[in-house]
1. Which whole-percent values make up P(r) of the stretch 229-371 when all C-alpha to C-alpha distances are grouped in 5 Å steps starting at zero?
2. Please identify the helices of the chain, taking whole runs of DSSP H, that span at least 18 Å along their own axis as judged from the Cα atoms and have a mean Kyte-Doolittle score of 0.5 or higher.
3. Please report the relative contact order for the chain, taking Cα pairs under 8 Å with a sequence separation of at least 6, and give it as a percent rounded to a whole number.
4. What is the magnitude of the charge dipole of the chain about its Cα centre, with +1 placed on the Cβ of each Lys and Arg, -1 on the Cβ of each Asp and Glu, and no other charges, expressed in debye to the nearest 20?
5. Which lysines, if any, have their Cα less than 27 Å from the Cα of K105, not counting same-chain residues under 8 positions apart?
6. Sort C239, C245 so that the residue with the fewest other Cβ atoms within 10 Å of its own Cβ comes first and the one with the most comes last.
7. Amide H to amide H, which residues 5 or more places from A169 or on other chains are under 5 Å from it, using H placed in the peptide plane?
8. Please give the peptides 211-223, 111-123 ranked by average Cβ packing (other Cβ atoms within 10 Å per residue), highest first, as a rough proxy for protection.
Amino acid sequence: MPLPYVLLSAAVSLDGCLDDTGPERLLLSSPADFDRVDEVRACVDAILVGAGTIRADNPRLLVNSPERRAARRAAGRPEYPLKVTVSGSGDLDPAARFWHTGGAKLLYTTDRGAERAARSGIAADVVPLGAALDWRRLLEHLHDVRGVRRLMVEGGGTVHTQLLQQGLADELQLVLAPLFVGDPKAPRLFGPGTYQPGRLRLVETRQIEDVVLMRYEPTAPGTGPAATAADHHWLSLACRLAKRCPPSETAFSVGAVVVAADGTELARGHSREAGDPVVHAEEAALAKIAADDPRLPGATVYSSLEPCARRASRPLPCARLILASGVRRVVTAWREPDTFVEGADGSGVLAAGGAEVVVLPEYEERAKAPNRHLAG
């Protein structure tokens, strides 16, 4: 199921703390950075914080700039983004500022938490998620029912940790403040546990007065049928590679990327690369990797079109090449139509060979774009 783009936003001290233990909130950002955060808020559909942040900081989570609110109205959007919080217990103060400022509010909770929230009279739409909180189900509901395409998550550390550990965060915007907290009891941004392997990709650094903004994207592929944020990044890249293909009336334009389990890009390719009129994208990418590369069995192949099951121009179709390489996970955007091969089923060949095939149909139109000229 499609999910919103999830942006984690946080400011920390040099020793990784979100706050100190004093009675007042520790202001880590600079005035100019607070304005940047306001600009980001104005660009999203919803802002989410955990129940702990409401209890500790009593935030309002507003777009403060009148000009930015006016721009939202002019674009036909609500003046304020939807405000969302998550609480397993439903134990929240109905007098908190979160409920009484801005626009619409939404509480995700458990079945028991929903009963408690109803008794306390919290001024919000309440969505029970069952016996326990489920982040993927929550995000699916935000996307499909509330129309949220971009979600900004402003804390706290537990929420950030869970979203990163489950591979559901598309971007981390981290502001580093030039001070130390030094208190071992102070809340920290990330907690212990199992995170996805590998290094995140640094996409921007920016000095804002005396703080530094760093933007990161995850890179490590998922490991099963559920897509991670990094899977979306790599499949989007494969769709962009398809646009590089020389046009053809007798073959699809396809892009492919091979990514190791730690998020290292091993190779990329596209149809008819390097002037070869019959080379396929997956074939071109795999040819650039040594056959004995130990990273291949844990790698994922991203292809804008389902790998072919039959072809006349080469001894092995791409589905067989992928299996022979040792790769056992493939993410694709578009199942092959009957344009050139009737009843093509590369996914079936891959699955029969023990590979996990993940189809993300929300990328299908991007995969089709460079193939619009083909009949059928």
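What follows is calculated from the coordinates using simple rules that are stated; it is not laboratory data. Since the model is a prediction, treat every value here as computed from it, not as a measurement. Methodologically, a virtual Cβ is constructed for each residue, glycine included, from the backbone with ideal geometry; neighbour enumeration extends over all protein chains shown.
1. For the stretch 229-371, the pair-distance distribution reads 2, 11, 23, 27, 22, 11, 3, 0.
2. Working: long enough: 31-43 (19 Å, -0.56); 229-242 (20 Å, 0.36).
In the chain, no H run is both long and hydrophobic enough.
3. Details: 817 pairs, mean separation 53.7, N = 376.
Relative contact order of the chain: 14 percent.
4. On the way: 44 positive and 47 negative charges, 100 e Å.
Once rounded to the nearest 20, the dipole reads 480 debye.
5. Qualifying lysines at Cα under 27 Å: K83.
6. Working: C239 24, C245 20.
Lowest to highest Cβ neighbour count: C245, C239.
7. A229
8. 211-223, 111-123
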